[in-house]
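For reference, the structure discussed in these notes is given below.
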Amino acid sequence: MSFSAGVKEELLRAQPEKSCCMLSEISAYTQSIASLRLAGGGRVKVVYETENTALAKRIFILLKKRLEITAALSFTRYARLGGRRACLLTVNEQDSRHLLVSLRMLREEEGGSVFKGIPRAAMTRRCCRAAFVRAAFLGAGSMSDPENGYHMEFVSSQSRAEVLTGILEKSGLSCGVTDRRGNKLVYIRKGDDVVSCLALMGAHQSLMKMENVRILRDSRNQANRATNCDQANLNKQLSAGAKQAAAITAYSLKHSLGGLPKELQEIGRLRMLNPDVSLEELGKMLTTPVGKSGANHKMRKLMHIIAADNENSEGEEK
Ligand SMILES: [Zn+2]
């Protein structure tokens, strides 16, 4: 089972208890997985659609318990998606009106227009915000396995994305919105925020699992970073110094260093004896000590002479 599916399974085990939270939860399902189908005379039917049978059952029970609505259950097969089966929960016209008015998606007065409201408590009460986010995740959310990175997302539409980001931000979580194939995608991608969102939704087991992975991953990364950093610097220092020492040794075997300017002879000898120290340290060893840039300047001059000599002898050999 994917990490995401595990989170959903855990969330489905917890039943909402408070009447305010039930309404908030129904609101989130209605926003994330329901469609309004015209039923003639300007009337609409609300139809919930999900492949998750346990989720369909949960919505059925919530509608019954909170609003005394009995939805009709049926199944459909998607021709496109390899014949996968989906559950449909259809709310009749009269109950749909009652449902939408309760959710503040429809105005109370007869013939009132649809508006994009949510139950007031869904924004103002923490318990209801949690219920809303939990339902949005169950309906249209997913998250990556923490082994592969920290990312949580909710598929949404333009107006619903605004509601969801409002609720997430009110809960102290930073999130972003992007477009994906004609939909809006609300996403959370900071590890701390993904953890806080799991906590908000009440997915405590998944949260513990994620934290364990995160501790391992972070300490592994830190160790790797430290090793890579040391190794890289060391390699750079060693290889530059060792290369210089080898070049100077080869030159001295051919010509002896005696023919070089005095200041270059000294740094050349010191380098042959100390191939693994930095130029800065080498500069300090000189009879008249110089800084890093001074040592660098001398070494470059010496290397230039050696390189020129090598080019000449290559020319002679040809
Ligand atoms: Zn509540």
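Residue count for the range 74-97 under the criterion of being at pLDDT 80 or above, in contact with a strand residue (DSSP E or B) (Cβ under 9 Å, 6 or more places away or on another chain) and of a type outside the set (D, E, K, R): the result is 11. Flag: SER206 does not match the condition of being exposed (fewer than 12 other Cβ atoms within 10 Å of the Cβ) and at pLDDT 85 or above. What are the residues in the range 12-59 that are within 16 Å of the ligand (Cβ to nearest atom) and of a type in the set (A, V, I, L, M, F, W, C), if any? Hits for the range 12-59 are ALA14, CYS20, CYS21, MET22, LEU23, ILE26, ALA28.
Residue check: is GLU68 farther than 27 Å from SER2 by Cα, surrounded by fewer than 17 Cβ atoms within 10 Å (Cβ to Cβ) and more than 16 Å from the ligand (Cβ to nearest atom)? So GLU68 passes the test.
Checked against (1) away from the ligand (no atom under 16 Å from the Cβ); (2) touching a residue at least 60 places away in the same chain (Cβ under 8 Å); (3) polar (S, T, N, Q), SER157 passes all but condition (2). The criterion of at least 2 residues that are modelled with pLDDT of 90 or more is met, among helices (runs of 4 or more DSSP H) falling completely within the range 118-174, by 126-140, 158-170. Test of understanding: among LEU168, LEU164, which residue is assigned by TED's automatic domain parsing to the domain that holds TYR48 and closer than 23 Å to ALA56 by Cβ? Every option except LEU164 fails the conditions.
Tell me whether the range 53-69 contains one or more residues that are without any contact (Cβ under 8 Å) to a residue 24 or more places away in the chain and hydroxyl-bearing (Ser, Thr, Tyr). No: zero hits. Of the candidates MET143, MET201, the single residue that is touching a residue at least 24 places away in the same chain (Cβ under 8 Å), among the aliphatic types (A, V, I, L, M) and within 16 Å of the ligand (Cβ to nearest atom) is MET201.
The values are calculated or read from the model by the stated rules, or taken from the named source; none is laboratory data. Bear in mind that the values here come from a model prediction, so they are computed numbers and not experimental data. When we count neighbours, we look across all protein chains shown, and the Cβ atoms used for this are built from the backbone with ideal geometry, even at glycine.
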